[in-house]
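Everything on this sheet refers to the single structure shown next.
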Amino acid sequence: MFAMPMVLPAQDNGGTGIPLDHFYAERESSGAFRKILTKITFGVNLGYGNSYLSHDLSGLGLYQVPNLNPQIFVVDSLTRYSNWVNDPSIDKTLPSNTAFYSNPGKANIGFKGNALNIPLNLFLYYGFNRYRVGAGYSYEIMSIGTLNPTGLTDKIKSLQLPNSSGFVSKYYLLLGASFYRTGDYLFTGDIHLGSFTPTGNFSSTVTGGMYFDLGLTAEREFSEYFKVFVRPSFELKSYSVPLPGSSKVIENSMNALYFNFGVTYRIPELPRCYLKDCHVQINHAHGSKEYRSRRHPFYKKQNPGYGENDKTLIKYRGKNKRKLNPY
């Protein structure tokens, strides 16, 4: 008796032995519009700033009455100006015999001091690869402190504005590039380039201009969509104050150092799972449509990897501890 070898037909490598497409639905895409929308990040921040104000009064005369704010004049002391930093006014009263005079061009001095800034900033940007392009709006409370003379300090008194609190509004273009990541921390260099307008205690004749802000943004990622950040920055800007009834314009430098802190959020690419009783904790599908987990708040990882889930079971968290059936 001879044993005949049994030859079995081999499975075709070019196809599948089981028609899986009959069992698994092909997942649908989120759509082009939503994919674009998920690349847009919205942000808000508060901060603290210190402005360094300074101006040069070369070519102007100085007039100082003891125990009063100093004044300036263009040609002679019969027409003098007060509050030339933010809201210049004309004084044509007769000069005092006790006043100190410095004729135009004789004393090339100026004034300098600080101002406190509290900015509120709203912005958005489109992120691609490691780059960011966006725009924003900032509104600041600004309180101007005492301005001290840079010369003749034994003759000229410090300038204290009668109305020191005002506002600054800004519109700007945002450009940035991320350059370093470690763990959940991302570092990005960015610039704000825009225009600003001083208001409130500033005269309507005062004009702002362009400004340039260079900063470093350090972000901490709590989830794929939610981050907190700090942003120190230095800003270059100046504004112009025309003296009424004169062609003279005083240029005031108002550079500033800022420290901002805030949050950013972007819209998720996947919609939240619609099943209230679904306990899946990663991205998953129902039918042909893919969803993100509804188990995680927005500030937790939405699609955690191995070991990234909360170590405390759901039934032991928060109000679930008091429920007979937390699930």
- Hits in the stretch 280-313 - residues which are touching a Lys or Arg at 6+ places or on another chain (Cβ under 7 Å) and at pLDDT below 80: SER288, GLN302, ASN303, GLU308
- Query: (1) in the same structural domain as THR199 (by TED's automatic domain parsing); (2) without any contact (Cβ under 8 Å) to a residue 60 or more places away in the chain: which one isn't true of PHE33, the others all being true?
  - Reply: (1)
- All conditions in (1) of a type in the set (Phe, Trp, Tyr); (2) closer than 20 Å to GLY113 by Cα; (3) surrounded by 15 or more Cβ atoms within 10 Å (Cβ to Cβ) are true of PHE222 except (2)
- Query: What residue, of ALA218, ALA256, is within 30 Å of GLN160 (Cβ to Cβ) and within 17 Å of the chain's Cα centre (by Cα)?
  - Reply: ALA256
- In the stretch 240-250, what residues are out of contact with any Phe, Trp or Tyr (no Cβ under 8 Å at 6 or more places or on another chain) and either closer than 20 Å to ILE144 by Cα or assigned to a strand (DSSP E or B) (or both)? SER240, PRO242, VAL249
- Message: All but one of (1) loosely packed, with under 13 Cβ neighbours inside 10 Å; (2) assigned to a strand (DSSP E or B) hold for TYR258; state the number of the condition that does not hold.
- Response: (1)
- One residue from SER165, SER204, SER178 being surrounded by 16 or more Cβ atoms within 10 Å (Cβ to Cβ) and without any contact (Cβ under 8 Å) to a residue 60 or more places away in the chain: SER178
- Qualifying residue in the stretch 223-233 (condition: within 32 Å of the chain's Cα centre (by Cα), in the same structural domain as PRO198 (by TED's automatic domain parsing), modelled with pLDDT of 95 or more and more than 26 Å from THR38 (Cβ to Cβ)): yes
- Check the stretch 238-253 and report whether any residue there is closer than 24 Å to LEU120 by Cα, surrounded by 15 or more Cβ atoms within 10 Å (Cβ to Cβ) and in contact with an Asp or Glu (Cβ under 7 Å, 6 or more places away or on another chain). yes
- Message: For the stretch 53-81, which positions are farther than 13 Å from LEU94 by Cβ, of a type in the set (A, V, I, L, M) and surrounded by fewer than 19 Cβ atoms within 10 Å (Cβ to Cβ)?
- Response: LEU68, VAL74, VAL75
- Task: Could you identify the single residue in ASN117, ASN83, ASN163 that is in the same structural domain as GLY49 (by TED's automatic domain parsing), more than 17 Å from the chain's Cα centre (by Cα) and on the phi < 0 side of the Ramachandran plot?
- Result: ASN163
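The values are calculated or read from the model by the stated rules, or taken from the named source; none is laboratory data. Source: prediction; values computed, not measured. Glycine gets a Cβ as well: all are built from the backbone with ideal geometry, and neighbour counts include every protein chain shown.
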